[in-house]
Amino acid sequence: MSEHTSATTATGINMYDVRPTTEVPAESPLAWSYHHTGHPGVSQRSRVVIRERAMLGHVVLRGGAIVLDEAVRQVLGFGLPARPNTLNQDPSGERSAQWLSPDEWLVIVPGGEEFSLEAKLREALGDAHYAIVNVSGGQTLLELEGEAATELLMKSTPYDVHPAGFPVGKGVTTVFAKSNLILRRPAEDRWELVLRRSFADYLYRWLLDAGQEYAIGVDD
Amino acid sequence: MLHIYCPYCEELREEEEFHPKGQAHITRPADPDACSDEEWGDYLFFRDNPRGIHHEMWVHAIGCRKFFNVTRNTVTYEILETYPMGEQPRFTAEYPEGKPADQLNDAQQEPSRQEGVHV
Amino acid sequence: MSQSLKQPNRVREGGRIDRAQTLSFTFNGKQYQGHAGDTLASALLANGVNIVNRSFKYSRPRGIVAAGAEEPNALVQLGSTEAAQVPNVRATQQALFDGLVARSTNGWPNVQRDVMSLVGKLGGQFMPPGFYYKTFMAPASMWMTYEKVIRKGAGLGRSPMERDPDHYDHLNQHCDLLVVGAGPAGLSAALTAARSGARVILCDEQEEMGGSLLDSREQLDGQPAHHWVEGVVSELAQMANVTLLPRTTANGYHDHHFVTLHERRTEHLGETAPLTDGQRPSRSRMHRVRAGQVLLATGAHERPLVYGNNDVPGNMTAGAVSTYIRRYGVVPGNKLVLSTTNDYAYRAALDWLDAGREVVAIVDARKAPEGDLVEQARVRGVRIIEGAAVLEAKGSDRVTGARVATIDAETFKVTGSSDTLSCDTIASSGGYSPAIHLASHTGARPTWNDEILGFVPSLVKGVHAAGSVRGFHQLADGLANGCSAAAEALSALGFAATPVELPQVNTYRQGAACALYQVPHEKPTLRGPKQFVDMQNDVTAAAIELATREGFESIEHVKRYTAMGFGTDQGKLGNINGMAIAARCLGKTIPEVGTTVFRPNYTPVTFGAIVGRHCRDLFDPERYTAMHQWHVEQGAEFEDVGQWKRPWYFPRTVNGKTESMHDAVARECLAVRQGVGILDASTLGKIDIQGPDAREFLGRVYTNKWAKLAPGRVRYGLMCKDDGMLMDDGTTSCLGENHFLMTTTTGGAAGVMEWLELWHQTEWPDLQVYFNSVTDHWATITVTGPEARKLLAEITDIDLDRETFKFMDWREGTVADVPARVFRISFTGELSFEINVQANYALHVWKTLFAHGEKYDLTPYGTETMHVLRAEKGLIIAGQETDGSVTPEDLGMQWAVGYDKPFPWIGKRALTRSDTRRVDRKQMVGLMPKDPSVVLEEGAQIVFDPDHAIPMPMVGHVTSSYYSPILESGFALAVIKGGHQRMGEIVYLPMVDGKTHAAEIVSPVFYDPKGERQHV
Ligand SMILES: [Zn+2]
């Protein structure tokens, strides 16, 4: 059978690469939604476009900011955001780190990098007190673009998405419809929504419903 | 709907993001076995219900998931301050306008704490 | 101009309507025409429609009284089709559109000849004041029946019985300054704030912004008032920092400047939202505004005077007369008598003259009225009767005259002989009540102002008010006040106010108003003609007087006794008059009888706007597992577990016949006991715990011991609150010396996570440990039954040997080529493997198990079978066997309580309190019904002696009850007082149908009591 990677660190932590090493069919949390609800196409009239960035590596870091920041700098080449509710990215925008709480950050990397990221961080962190948790199967990322994106967000979240309240580089965990998600703004004209797997279908249906009047399209 | 300043997120957030967790500053007895049944009952079940200034614990449940304290006027619903766990309030029933400066510790004198004051 | 023939009260020119656009509409089945810019009310008046409704209680004919939100009578039912029905729309607030269909809300068979009026003519004996209290006090069970009869007779509108074709939404808004009301004060305030750079929202409930300026006689900078309005509105519309919301009512002012606005987006266009570009916009929208500061420029409502028969159609407020003439080009009658206590109302008479119709007289309650407007009326030759008032209106379906006499307001006496003036319209004005509703929602008590004879708002921090709502009724004052109030708000927000140059307006010399509310009559109030205070609820001055005589002294009690200010009206016209009457009867001043407290909402809000998009499929989040699609395709019936949709059972369809639930569950149960079953257990809460103190922490939050659990091992744990009562349970696996995976119940996941954080953050921050939810990351597949090992062995590289991979062990390896953690834990009592894989690959693993499972007849099962199987084993479900009052020992689980652990873990101390040590606590036992075909009812009460006199002492209840296919009998779990010591005793369960079932108390482990099957 196929190989898999597992290790117990010197600090007594089980590290486990949960990605198959062989070609195995994988389904994003929105697979059922595309099948069941469908995905309206993008047209000239679409004032909002959503696009799933499926199968990325999502890793939660817990620990002291100073300790983690140094390790992240070593491994990713950029540091943790220092201010609450902010987001740092590498120049390609492919890797990001977001403040979630005073001792918690969400790191998103290209799919497949999550295990080596964990391994390298653990190596850099030694026996400091921290936690690293792979949550890649538990969430997915949606991009939201278009001139009506802000208004669509206003229908959905009580958080202030006006540029005055939500400049580029900000990211928050907040209420969205009757659920919640992570909302971030990596670029002037692009929002990102990090959805929990089990709520993804509800949130997807919400977005399509609220976006109907903007002829919302799903880019796939 | 309240507008609550999370001392960890350092901004005002909607009440929907928070859960109230009852009276603040209830400390679990260090040696429960040394408590009489009555003392233990007091710790478990008895809470204040003041008219006016009250200290409550809240958690930023849909947010940073941190617990913190709120000094709130139960009549006007005005929130006078929010402060992290382990700290003491600046506004109390005894000092509704705020404790005098000489009674405050360093953390309490930081201006950032004022941001939590809701007008 | 041919249209004006059909609209006898339409004046030839003037107003904000477009005479070139004629719109047809239907009212009570009759076709009429109006113009673009009309409201339904102005169009009805233009057509000379006098009666628009029948009154609630007395069934008296009623006409239009006012021109805005304060209108008490003109409530209509809108809609040409069943689906489009909207009840209780005020005709004064409904813009006219082509094809509008409306009916009177009250009145059957029609408003002209009403059956209920017979009841009304009995002098209201049918519904005297206090009617609700006295008549329907008892029996309470009859209330529903009474209400139906009253509603049918009185008619309060009806809801559509078909699906609404429209949709509704919410928009969350944030601003520095919210300005409510776009009259002179609101506009000057918004302009000041907008030019200063603040984020401003300006809302106004009317069809267009401008407020009183839309029907003003005034000139601003030498131009008609609307010129200035148009200039300001177009400037604001172009500013990026300003959001203009016309047709938007601020309905509720909630905590910390959270204000709900209700925007009517398409209601002026048609009865359903018109398609634009193929999409249907939302019909109405709730704006949820979080403002830094709020400025209320909500104006004032004119108070009508309370005189005899003041409800006959043709009685109106003076301001409404002006509004209809000047804004809508409609003069609602031919001969006017104006009864007033103040100068402002003189505008109605001047406007009436300008419209070319006759002013019979102005009846002024003041002895020597003086002021610029009074002078203008004199100059134009109007007869002014001083020191007098209209005592009563004449006529029944329309005013035919006004009986006038001199009065003394202070002594409440008619002082002269009366004279009847022939007229068809009586306009009255008793002054102006500031629209303090929103300020009142904040909890601030309004204060009485003797100068303006009204309550003015008290303002909490961050709330500002300007213009008429503060009693500044003069235009110049209102404009200036708007600017200064905005400057105050801006300063509080940290903005420097940019001064705004205000237009030149005239200032008028005014005489003081006199305080008159109820007009005296020759007869005592109780015997004179009806003097209406609240027309919507048919509350008269006599009713209020009666209430005070019966001892109701507080205005809040008077209101509840008489129903004054109830319903959709909320006392906009009547409250102050009612208070004044109560004050007079009690010999007190108005502020002494109380203040008025208004609550949200200011005007009725449709359910659609409240619900927004949170309806139908989006009513509540539905959580799905990674295998959801498979379950749906297999025809699973689903059960809601919290927000999760879990397969309940999987009915098979054979030869077109679908199994019953009972048959499906029996088949699934036997498959697990005799072959192999598979369950999607992904909904279990999963918490990753890391840190050197993780083990110590577990020992403090669980009742049992964790010190020696080795990597590779799993343990079941009980979690109590500090009161010693069970809150959750589940297994926790040791992944590494300092690394654990905790599972929780499906419903308890979020609560347990918060619970762990609570104790860590508030009591034991010194412990080095982190908790992270991985519920969604891992999908969990349970394979269980005697054949489970054989099946799993086909697709895993894990050594499943029973000697090396023991019960309560976990192992790592691939399952269907996917890295997995496999746990040998069992919730069925059979050999079981719980497979955790990264959720994105779970469906592949699930399907591979089925591909290999066919030869074992692998059977998917749902939550119902899961419940039966675990109950057969006496395994509890937290929240089913427990209800916050059950300890581990009550459950017979003292084996999972480590009293000798060094740290005083959560719940320990409480378990030694005298109450938790009682031997007669309700304890969990098994129940075997004497008749095996009986499945006892869950929740059924248990008694020891069925022959005991009623009330029988109830000694416990059934917590879980099922039919067991393997036992071929019904069986149950129950809690019974002292149950652990009562094995073998017979108890009884009296049922609602009169039958009593007998059952034997047995061990809760019904099947495989030695637990051998899970160890194979
Ligand atoms: Zn926070």
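Restricting to bridges with both residues inside segment C:796-953, how much of the DSSP beta-bridge set is antiparallel, in percent to the nearest 5?
100
Given q = 0.17 Å⁻¹, what are the Debye log10 I(q)/I(0) values for chain B, with equal point scatterers placed on the Cα positions and solvent ignored?
Taking Cα atoms of chain B as identical point scatterers yields -0.88.
Could you do me a favour and compute the accessible area per residue for chain C, 1.4 Å probe, result in Å²?
I get 37 Å² per residue for this part.
Based solely on its DSSP helices, what 222 nm [θ] is calculated for chain C when runs of n ≥ 4 H residues each add -39,500 (n - 2.57) and the sum is averaged over all residues, nearest 500 deg cm²/dmol?
-6000 deg cm²/dmol
Ignore the peptide's own chain and count Cβ atoms of other chains within 10 Å of each Cβ in A:92-105; give me the average, rounded.
Numbers: counts 0, 0, 0, 0, 0, 0, 0, 2, 4, 8, 7, 4, 5, 0.
Counting Cβ atoms of other protein chains within 10 Å of each residue's Cβ and averaging gives 2.
Tell me the carbon and sulfur percent of the accessible area for segment C:685-773, rounded to whole percent, probe radius 1.4 Å.
52
Cα gyration tensor of segment C:860-1016, axes a ≥ b ≥ c as square roots of the eigenvalues: rounded (a/c below 1.5), prolate (a/b > b/c) or oblate?
oblate
With every protein chain kept in place and ligands, DNA and RNA left out, what is the accessible area per residue of chain A? Probe 1.4 Å, answer in Å².
For chain A, the solvent-accessible area averages 37 Å² per residue.
Could you work out the mean count of beta carbons from other protein chains within 10 Å of each residue's beta carbon in A:169-180?
On the way: counts 0, 0, 0, 7, 9, 6, 8, 1, 7, 8, 5, 6.
Per-residue shielding by partner chains comes out at 5.
Calculate I(q)/I(0) for the protein assembly as shown by the Debye formula, one identical point scatterer on each C-alpha and no solvent, and give its log10 at q = 0.08, 0.09 Å⁻¹ to two decimals.
Log-scaled intensity ratios, in q order: -1.08, -1.23.
Hey, how many Å between the Cα centroid of segment C:35-100 and the Cα centroid of segment C:487-531?
After rounding, the separation between the Cα centres reads 27 Å.
From the Cα gyration tensor of segment C:152-255, with a ≥ b ≥ c the square roots of its eigenvalues, which class applies: rounded if a/c is under 1.5, or else prolate if a/b is larger than b/c, or else oblate?
Note, shape of segment C:152-255 comes out oblate.
With an 8 Å Cα cut-off and a minimum separation of 6 or more residues, compute the relative contact order for segment C:380-501 in percent.
Once divided by the residue count of segment C:380-501, the mean separation gives 13 percent.
Can you pull the mean other chain C-beta count within 10 Å for peptide C:679-692?
For this peptide, the per-residue mean of nearby foreign Cβ atoms is 3.
Give the residue from C:753, C:768, C:716 lying farthest towards the positive end of the charge dipole for segment C:685-773; charges sit on Cβ (+1 for Lys and Arg, -1 for Asp and Glu) and the dipole is referred to the Cα centre.
Sorting the options by dipole projection puts first C:716.
Can you compute the helix-only [θ] at 222 nm over chain A? Use -39500 (n - 2.57) per DSSP H run of at least 4 residues, normalise by all residues, nearest 500 deg cm²/dmol.
Values: 5 runs with 50 residues, N = 220.
Rounded to the nearest 500, it is -6500 deg cm²/dmol.
On alpha-carbon atoms, Rg over Rh for segment C:685-773 using Kirkwood Rh?
Radius of gyration relative to Kirkwood radius: 0.92.
Please go through segment C:407-480 and write out the trypsin sites (Lys or Arg not before Pro) that DSSP classes as loop and that have at most 16 other C-beta atoms within 10 Å.
C:461
Quick one: which of C:57/C:394; C:57/C:530; A:170/B:99; C:686/C:708; C:367/C:559; C:686/C:721 span more than 24 angstrom between C-alpha atoms?
The pairs that break the limit, which is 24 Å between Cα atoms, are A:170/B:99; C:367/C:559.
Relative contact order, percent, of chain C when contacts are C-alpha pairs under 8 Å separated by at least 6 residues?
Computed over chain C, the figure is 9 percent.
Among C:971, C:941, C:1009, whose Cα sits farthest toward the positive end of the charge dipole of segment C:919-1016 (+1 at Cβ of Lys/Arg, -1 at Cβ of Asp/Glu, about the Cα centre)?
C:1009
Counting only protein heavy atoms, what percent of the accessible surface of segment C:394-552 is carbon or sulfur at a 1.4 Å probe?
So the carbon and sulfur contribution to the accessible surface is 48 percent.
Rank-order C:491-499, C:277-285 by packing density, defined as the average count of other C-beta atoms within 10 Å over each peptide's residues, highest first.
In decreasing order of mean packing, C:491-499, C:277-285 become C:277-285, C:491-499.
For segment C:155-186, list whatever residues lose no less than 50 Å² of accessible surface once every protein chain is in place, relative to that chain by itself, with the probe at 1.4 Å.
Residues passing the criterion (a loss of at least 50 Å², heavy atoms only) are C:171, C:172, C:174.
Give the separation of the Cα centroids, segment C:589-612 to segment A:41-83, in Å.
Going from one Cα centre to the other spans 47 Å.
At 1.4 Å probe size, with no ligands or nucleic acids counted, give the accessible surface of residue B:77 in Å², nearest ten.
90
Express as a percent, rounded to the nearest 5, the fraction of DSSP beta bridges in chain A (both residues included) that run antiparallel. Please report the intermediate quantities before stating the final value.
Numbers: 45 of 47 bridges.
Once the DSSP bridges in chain A are tallied, antiparallel ones form about 95 percent.
Could you tell me the relative contact order of segment C:685-773? Use alpha-carbon pairs under 8 Å, at least six residues apart, and round to a whole percent.
Across segment C:685-773, relative contact order equals 40 percent.
Out of all DSSP beta bridges with both ends in segment C:280-438, state the antiparallel percent to the nearest 5.
45
How about segment C:956-1016: which trypsin sites (Lys or Arg not before Pro) there are in a DSSP loop, with at most 11 other Cβ atoms within 10 Å of their Cβ? Walk me through the numbers before you get to the answer.
Values: sites: C:977, C:982, C:995, C:1010, C:1013; in loops: C:982, C:995, C:1010.
Qualifying residues, ordered by number: C:995, C:1010.
Might you list the cysteines of chain B that have no disulfide-compatible partner by the rule of another cysteine's Cβ under 4.7 Å?
B:35, B:64
How long, wide and thick is chain C, going by the Cα atoms along their three principal axes, in whole angstroms, largest first?
115, 69, 62
How many angstrom lie between the Cα centre of segment C:618-680 and the Cα centre of segment C:921-945?
First find each Cα centre; the distance between them is then 28 Å.
The values are calculated or read from the model by the stated rules, or taken from the named source; none is laboratory data. All of these numbers come straight from a predicted model, not from anything done at the bench. All Cβ positions, even for glycine, are placed from backbone atoms using ideal geometry, and neighbour counts span all protein chains on display. Heads up: the accessible areas ignore ligands, DNA and RNA and are worked out on the full protein's heavy atoms, side chains in. Shrake-Rupley method; radii C 1.70, N 1.55, O 1.52, S 1.80 Å.
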